[in-house]
Structures are given as C-alpha cells and as structure tokens.
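Structure, as structure tokens:
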Amino acid sequence: MSAESPGQKQGVKAFFASALRPKKSRQTLRKNASTTDLRLAARPSANEPPPPMPALAPLAAHQLKYKQTHAQIDTQLGERRDYTTMIHTLGLLEPMDTYGPNMIDDDNRPPGEGDIASLTSELWNNIAQYLSPAEAASLAFANITLYRRLGPQFFTALHHPRNYNYRIEFLAGLDRSLPHSLLCFPCAKFHRRTQEGSERLKPTHVVNPLFECPNALNALNPPPRTPITHGRMMPFLFVQLVMRAHRFGPSYGLTAESLGRRWMRDGWSFHSRFHVHEGRLLMRVKSQTFAPPVLTPSQQRLLLYSREDYCPYFSSCPHWRDGELMPACKCALDHIPKPRQTGGLQGIEHKVKDRWAGRVHDPNSLVTLCGFCRPMRRCPECPTEYLLEIKLAEDHSDARGVQFKQALVVTRWSDLGDGTTPAGKEWGAISGTRDDYDSFKHYEKRGIASIFEAAFTADTLPGQRVISMNPKKKKLGENGHDWY
Ligand SMILES: [Zn+2]
Ligand SMILES: [Zn+2]
Ligand SMILES: [Zn+2]
C-alpha cells in the first residue's frame, strides 16, 4: 500500500483531509468538462510547476540507446552498416540455435546435489549408458556427488586409443577452466602455454612452439594445420587461441585482429585478415601479382604456379584442382589490355580510328572481366569463396620510379570453424580431412565474403553472383585436365 493511501493517514488532520476532498464522481465530471478543449488541457495550471524537461527528447534518447546496443552502427551517419543483417533480422522469426555460440550459463541455478544424491548409482549408470563416452565422462566430472555415483570408469575409457575423438571432445569442454594451458591434439592433453599472451603467427620455417610437447618433432603425428600460401600455415592452435579469447575473455588467447599479416614471396604480395562471426573464425587472404599483357599459356603458368610443387602461388583451398578456378584465373589474365604500337603507319591508323570513334586509348584503363571470370566462385566442398580482379596497382620496385601496372588480385575468404576440435565441420573441410561438407547448404542465405566485408566496410561488396567453383562436381584431382 502506498504512503498516500487514505488507510495510513491518522487523526483529525486525516479526517478533514478526506472530508474536504471532492467526491470521486465530481472529479471525473470536472475532468471531462475541462478536457473538451485539448489545447487548454495541455496547458499547465498556474499553481502546478511544469514537469522537469528530460535531457534528451524521447526519439533522441531511443536513438542513443539503439546506437549503444548495436555495434555495427556507423558513427558518423548513425546508420546500420550491415544492410544484409538488417534485412535478415527483419525476416528472422526463430532464433538461430544451430549456428551460434550457445554457451549460455546460468550461475544462479539452485543447487541440485540433493536431487542427484536421491537417485541410486545403478540408476545414474543406466542414464550414462545412453550417453557418448565424452558425455558420460562430463557427467561424472560435473560434481563430486555424480563422481561418487558413477566412479572413474568413464575416465579410464577415454584413455583407449579408439576413444581419441571422445577424449578430445571431453577435454575441449574444460577449456574454460584452463586459461593458462592449451589443448594439444597429438598428445590429447593440455600443455602449459610458454608464450602466454605473446603468441604470434609466424612463417612455417620459423620454430614457434606455443608449449613444450613431447610430440613436437614427431613427423608421424603432426599438429593439425592448413596451408594459407607457400611457406605459410594456419596451425589449429591459433584458431583455438582466438576462439577461446572470444568465448571466455582476453586472458584465454588472442584477438582475431592480431593474426593479420602482410608478406611478399615469389613476386606475389599477400595480406591476411581475420574476423569472428557467429562463433566461427573467418579468414580473408588477398594475393596480388603484377601481370603483363598478352601472356602465352606457358607464361601464364609461370605466373600462377610454383615450380616446386605445381601449386598456385595465391591462397587456395585443397580443392583448387577441381573445377573452374584455374581456367577462370587464366581467362582474367587474358583481359589485360594490350599495348599498341605507337610508331609507324600502324600507330597512325590506331590514332585515327580512336579519334574517329571519339575515344582515347589508355593501357591503364579499368578492366572489366567477362561472365566466366567475374562471378564469385564458391568451393562446393569447403567453406571458401574466391573473387578474381584485374586492378591497377602501384609498383615501387620499378627503376623509373613508382609505376601503375595492371595486377591480378585473387581474394579468398574461408571459414575456419569454431576452434574447439579439428574434427569440426569447417576445419575438417578446409584441411581436407572431411568430405561431407556442402558449402551451398551451410552458406545458403549469405556468402562468407559478404559477411566478412560487411564487418569492415560501410559498403557491401558490389552485387556479385556466387557460383560454384566446380559446377559439375567432378573430382579428378591431379588426374584432371584443366588444372594446369
Ligand atoms: Zn603435446
Ligand atoms: Zn574472362
Ligand atoms: Zn575447397
């Protein structure tokens, strides 16, 4: 009951106060009579002070609150940068529970030990029979009451080599309680981090151990990793570090930004960048090289492939040999404008023709690619997308000074997965250990490139069709005819 309710007022004063108060029926009558003119009703009465003015108008206050809660808002314009997310949220009625970090813990649950203890060991063992070895071990590990009911049998089972994947699954669940250690997959054990907080992604030839491991030099049991380009690998440990930090806090690993690098090799320049989206690590690698016009097929091969292993210099997924990626690269190179003879009769002829058509010949003009090499390509077997471009770039190595030259740019976007286990869908597909991935199903609504670019730039990518890199799904690998 509020303090002003009549029941709490006492004595003579209260009696008079309630007696002199106008009747409720009268109040309503007067109110009705006075509100006929809305302008009068809105005017404050003479003896009543006006209500305090809020610091911000309701609309401005709402906009400010909205800006603070939505990180993807342009600071200058106040507009939502990620238009696709905006459109998707409009149509999204059910929560995306299959593809999101569903690591929601409730620390305020009432204790359940009494309920657990009320069931017998036999009953708990029966329940555990319905679980996988990893889940059963997690159940026994949950608290001391459950451990007493279930015993050590499930932990012993995880030592069996046959249960390696279950052991990894169980250990990955302990990540949160071990910020100073990192799960080593060859050993299936946690090791103490020796470069805690200063781990850096380095070229493959640099020895860069993140912990002391008895399997470090064991070539038969290498740690999981996937190639980015020649001489650059992406160890799974770094995906782990970024995703742990993303899930649990900075002390658990590294930020996605700290993995980005720029480097040069074999006449190509590379730029890698990383971003976490919906609980998975996305990577973009831009590979660029200057490309002279009118290349013969063998010159094109020299430009695209390494002499050492006949793999492309640019960043590619393990499935690059199948499908149309390499033919599209060669097609893009063919679009680089040819220089014209400026001397002699032929030169004059060209000049007259250009003047007649009202155009100026410029070998550095913008290159438009054709319907075959322009669309974005998506690998059907792993979460990777490619875009080919011919762009003008500055060449600082020329003796004549800075020169503008046409360059081939191959951009690759990949999804490296959630960093819990290398057996995961995305990592398995990217590193070529799984062949059950269907990228057109997983990225049905929105491409990896579109998600990635929207996170960094105000503009979304120019409307580019995404087509399959291997439309016929022929898997010939090295036996195919088009890859070289
Ligand atoms: Zn180890
Ligand atoms: Zn083309
Ligand atoms: Zn692929």
**OP:** Would you mind stating whether Arg321 is at pLDDT 95 or above, buried (at least 19 other Cβ atoms within 10 Å of the Cβ) and of a type in the set (D, E, K, R)?
**Re:** no
Subject >> Filtered residue count, segment 186-200, keeping only those that are among the small types (Gly, Ala, Ser) and more than 20 Å from Asn215 (Cα to Cα) >> reply: 2
Original post:
Within segment 208-253, which residues are more than 24 Å from Cys382 (Cβ to Cβ), in the same structural domain as Ser316 (by TED's automatic domain parsing) and hydrophobic (A, V, I, L, M, F, W, C)?
Top reply: Ala245, Phe248
**OP:** Might you check whether a residue that is on the phi < 0 side of the Ramachandran plot and in a helix (DSSP H, G or I) occurs anywhere in segment 264-276?
**Re:** no
**OP:** Please go through segment 154-193 and pick out each residue that is in contact (Cβ under 8 Å) with a residue 60 or more places away in the chain and closer than 15 Å to Gly424 by Cα.
**Re:** Asn165, Ile168, Glu169, Ala172, Phe185
Original post:
Quick one: Asp438 ticks every box in (1) crowded, with 23+ Cβ neighbours inside 10 Å; (2) more than 17 Å from the chain's Cα centre (by Cα) bar one, so which box is it?
Top reply: (1)
**OP:** Select from segment 257-274 the residues that are touching a Leu at 6+ places or on another chain (Cβ under 9 Å) and either polar (S, T, N, Q) or surrounded by 20 or more Cβ atoms within 10 Å (Cβ to Cβ) (or both) and list them in ascending order.
**Re:** Ser258, Leu259, Ser272, Phe274
**OP:** Give Arg446, Arg465, Arg377 a once-over and let me know the one that is at pLDDT below 95, farther than 25 Å from Phe185 by Cβ and crowded, with 20+ Cβ neighbours inside 10 Å.
**Re:** Arg377
Original post:
Cβ-Cβ below 8 Å, separation at least six or inter-chain, first residue in segment 200-211 and over 11 Å from Phe238 (Cα atoms) and among the β-branched types (Val, Ile, Thr), second modelled with pLDDT of 90 or more and away from ligand 1 (no atom under 16 Å from the Cβ): which pairs?
Top reply: Thr204/Arg232; Thr204/Met233
Original post:
Restricting to segment 389-420, what's the tally of residues that are in a loop (DSSP other than H, G, I, E, B), more than 17 Å from the chain's Cα centre (by Cα) and either crowded, with 17+ Cβ neighbours inside 10 Å or of a type in the set (Asp, Glu) (or both)?
Top reply: 1
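The values are calculated or read from the model by the stated rules, or taken from the named source; none is laboratory data. Since this is a predicted model, take the numbers as computed values, not measurements. Note that each Cβ is placed from the backbone with ideal geometry, even for glycine, and that neighbours are counted across all protein chains shown.
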